[in-house]
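What follows is a single structure, written as structure tokens, with notes after it.
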Amino acid sequence: MKDEWYTVIALGMRYWFALLGVLIVWRAFHWLRRDRREKHRRLRQLPDAGMVGEFVSLNDAGDMTVDDTLPVPREGVLGRLYSCDVPVLSPGVAKDHLDFVFEDGLGLRVRPRHGQTCRINGEELTRRDAAERGVLVHGDVLQVGEAALRLRLFSGLKFRRPARKAPTEERKAKAPKAAPGKGGERG
Amino acid sequence: MTKHAPSRRLRRAATRLSSVVMLFYFSAFVLLGLKDYAWQAFALALAVPAMIWLGTNFLPRLFPADTLLLSLTNFLCALGVLVLYDTNPVYAYHQAAYYAVSLLAMICCVWAVRAVRHWGAAAWVLIPVSLALLAVPLIWGKETYGATNWIYIGSVSVQPSELVKVSLILIVSYFMSRRRFLPWLLFAVACLGALMLQRDLGTALLYYGVTLLLFFASSGNVPLTGLGVLGGAGAAVLGYRMFAHVKKRVAIWRNPWADYENAGFQIVQSLMALASGGLIGMGLGLGSPRTIPVYHTDFIFAVICEQFGLIFGLCVLAMYLAILWRGATIAMAARHAFHGLVAMGATLMIGLQTFVIIGGVIKLIPLTGVTMPFVSYGGSSLLSSLVLIGLIQGVASLNEDDLHEDMLLATGGEEEGV
């Protein structure tokens with residue numbers, strides 16, 4: 001094609017490309033806005049989206065009163081700060097008290113932070129034995145600081161109720177056994 | 001792989017957007033074809049829209065992809081091919097091949113994010129591999145534009161720092177989600193050290209910026225983040241005093257006209273190209289884009305503005321903004337901290353890189369040696385950009401699965417009697 005003809009066409013097409021560029025951007029942002037509205041609509045239909053259950057307060061402790069509910073996400077941190085995923089505003093609760101994560105088929109695994117402890121159904125749990133005993137299931141009571149919280153898991157979530165031993169039985173189970181025909185082991 | 005068919009509303013929106021994009025590229029390549037009656041241009045006028053159609057309508061059937069993200073990514077990648085064809089057709093053919101390979105890598109990345117359950121093992125393997133990759137240019141690398149960050153394997157050149165970008169995000173996200181401070185900090189420091197030795201300060205800036213922003217996203221710790229910002233500023237001042245080429249770049253940024261024939265030539269040519277383009281450009285196939293140094297990589301945005309104009313340049317920026325918005329939304333909707341941080345890290349990397357390169361081209365900030373994501377010529381750059389999109393897409397698909405599960409749970413209701 002002659003250069004002059006090409007130049008005329010190319011100069012004319014500038015407006016076309018600018019228009020298409022603007023149209024693409026307009027459609028993209030329109031799509032973003034519609035998705036945002038759709039997301040808000042879904043959240044209204046599913047207010048518990050992303051949550052696995054809730055903690056229900058069983059006592060009055062600090063800012064917490066009986067029957068207060070705290071939504072529990074799939075994983076996060078429980079602590080005294082508002083920025084925590086589960087903020088528990090009670091005396092005795094550290095800023096970042098424990099980490100939790102919901103494990104499918106098991107329950108809500110909790111792990112106290114360094115230097116922190118909690119109680120599950122009255123039994124003390126430290127960071128060291130969290131891997132073995134730190135699982136909450138539906139109906140279990142978690143005590144952090146002065147707050148006592150009962151866990152309610154949503155229906156449909158799969159968990160397994162662990163067979164919990166009485167504290168004295170656990171201590172016996174942990175004690176080293178004497179070898180047959182020999183004296184008891186030291187230590 | 002789950003089979004979530006896109007809804008009708010989504011398909012309509014995707015069709016509307018992709019049809020405009022296809023029309024754009026069809027008309028652009030036909031116009032370029034009319035210039036020299038090159039059959040390759042007419043072939044691309046059919047092939048590029050077909051690839052866009054496939055990418056937007058077919059890929060979402062393989063995995064629950066975010067179609068808007070796919071559409072915008074396809075547009076930007078194809079824009080790179082178009083502009084490169086206009087300036088140097090050989091680069092365009094290479095770029096098209098890199099795009100095909102990178103698309104496969106993106107799909108693999110999506111599968112990996114969905115399939116891998118234990119990222120801990122992967123993170124510990126990636127650490128030595130990434131550090132080794134960063135060390136290779138120091139031993140076998142060649143200096144290019146003042147930095148020793150390329151390795152040449154025969155005729156193929158690779159920039160390892162582009163690939164390590166991805167593993168940086170994965171490693172930092174993993175350890176941050178586990179609240180383990182030391183591993184990610186040591187890794188980040190080692191990467192920065194290697195990049196400083198390579199004198200690849202642009203990439204070091206990206207690594208530092210993304211790590212710091214991810215730290216803020218994961219911890220919310222304002223004082224420590226502020227300390228990080230001050231530390232970065234201090235490192236910048238130190239870099240300015242230690243490296244002569246940094247001093248030179250800052251001097252050029254402040255007044256490129258003082259030495260416009262030598263050191264300031266790049267910036268001056270870029271600014272003149274931006275000005276020549278005006279609002280609607282000089283016209284595709286017109287103008288003098290090849291007078292801009294490194295027009296195919298660092299200054300490709302100046303070429304786009306010269307050919308298509310500032311309105312179109314702003315539209316390209318808006319598309320990047322849309323990608324960032326979408327990526328951030330996907331990150332915020334993630335159910336697991338690791339996935340959220342990965343998506344956020346990938347989004348921040350793309351955003352920061354875009355800001356750094358476009359800021360340098362328009363003389364907002366001193367120029368650094370980073371590329372424009374998706375658009376600039378280069379296999380390593382395109383591969384890393386699409387892999388980052390793959391990470392975001394993977395998290396988006398997991399979010400869709402979680403939402404689907406929530407809807408099923410919602411029909412079950414809470415247990416009674418407690």
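The values are calculated or read from the model by the stated rules, or taken from the named source; none is laboratory data. Quantities reported herein were computed from a predicted structural model and do not represent experimental measurements. Cβ sites come from the backbone with ideal geometry, for glycine too, and all protein chains shown count toward neighbours. Quick note on the areas: whole protein, heavy atoms, side chains included, nothing else; ligands and nucleic acids left out. Shrake-Rupley method; radii C 1.70, N 1.55, O 1.52, S 1.80 Å.
Summary of values
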| read-out | value |
| --- | --- |
| Averaged over A:94-102, number of beta-carbon atoms from partner chains that fall within 10 Å | 1 |
| Along each principal axis, Cα extent of the protein assembly as shown, largest first, Å | 101, 57, 50 |
| Cα gyration tensor category, rounded, prolate or oblate, for chain A with a/c compared to 1.5 | prolate |
| Peptide A:27-40, shielding by other chains (average Cβ, 10 Å cutoff) | 5 |
| Local electrostatic count at B:A343 - Lys and Arg +1, Asp and Glu -1, tallied over other residues with Cβ under 11 Å | 0 |
| Computed FRET value (nearest 0.05) for A:E132 with B:L314, which takes r as the C-beta separation and R₀ as 51 Å | 0.30 |
| Overall dimensions of region A:51-161 as given by Cα atoms, namely Rg and Dmax in Å | 12.4, 35 |
| Lys, Arg +1 and Asp, Glu -1 on Cβ, resulting dipole of the protein assembly as shown about Cα centre, debye, nearest 20 | 560 debye |
| Cα gyration tensor shape of chain B, rounded if a/c is under 1.5, else prolate or oblate by comparing a/b with b/c | oblate |
| GNM top mover of B:V237, B:V303, B:V172 - chain B, alpha-carbon springs below 10 Å | B:V237 |
| Assigned charges on the beta-carbon of Lys, Arg, Asp, Glu; region A:32-98 dipole about Cα centre (debye) | 760 debye |
| Antiparallel DSSP beta bridges within the protein assembly as shown, percent to nearest 5 | 95 percent |
| Unit charges on C-beta of K, R, D, E only; dipole of region A:51-161, Debye | 360 debye |
| MRE, 222 nm, helices only [DSSP H, n ≥ 4, -39500 (n - 2.57), over chain B, to nearest 500] | -25500 deg cm²/dmol |
| Ranked packing of B:391-401, A:24-34, most packed first, by mean Cβ within 10 Å | B:391-401, A:24-34 |
| Distance from region A:93-162 to region B:242-281 (C-alpha centre basis), Å | 60 Å |
| B:Y240 paired with B:N221, simple spin-label distance in nm, labels 7 Å along Cα-to-beta-carbon | 2.8 nm |
| Accessible carbon and sulfur surface of the protein assembly as shown relative to its total accessible area, %, 1.4 Å | 63 percent |
| Nearest-10 value in Å² for the accessible area of A:E103, using the 1.4 Å probe | 60 Å² |
| Helix-only [θ]222 nm of chain A, DSSP H runs n ≥ 4, -39500 (n - 2.57) each, per residue, nearest 500 | -10000 deg cm²/dmol |
| Shielding by partners - mean other protein chain Cβ count within 10 Å, residues of B:33-43 | 1 |
| Span-like helix ranges in chain B, DSSP H, alpha carbon extent 24 angstrom or more, Kyte mean at least -1.0 | B:8-36, B:39-57, B:67-87, B:89-115, B:119-140, B:160-177, B:181-198, B:201-219, B:222-242, B:310-332, B:337-361, B:379-410 |
| Length added when fully stretched, A:E4-A:L19, from 0.36 nm per residue minus Cα-Cα | 3.0 nm |
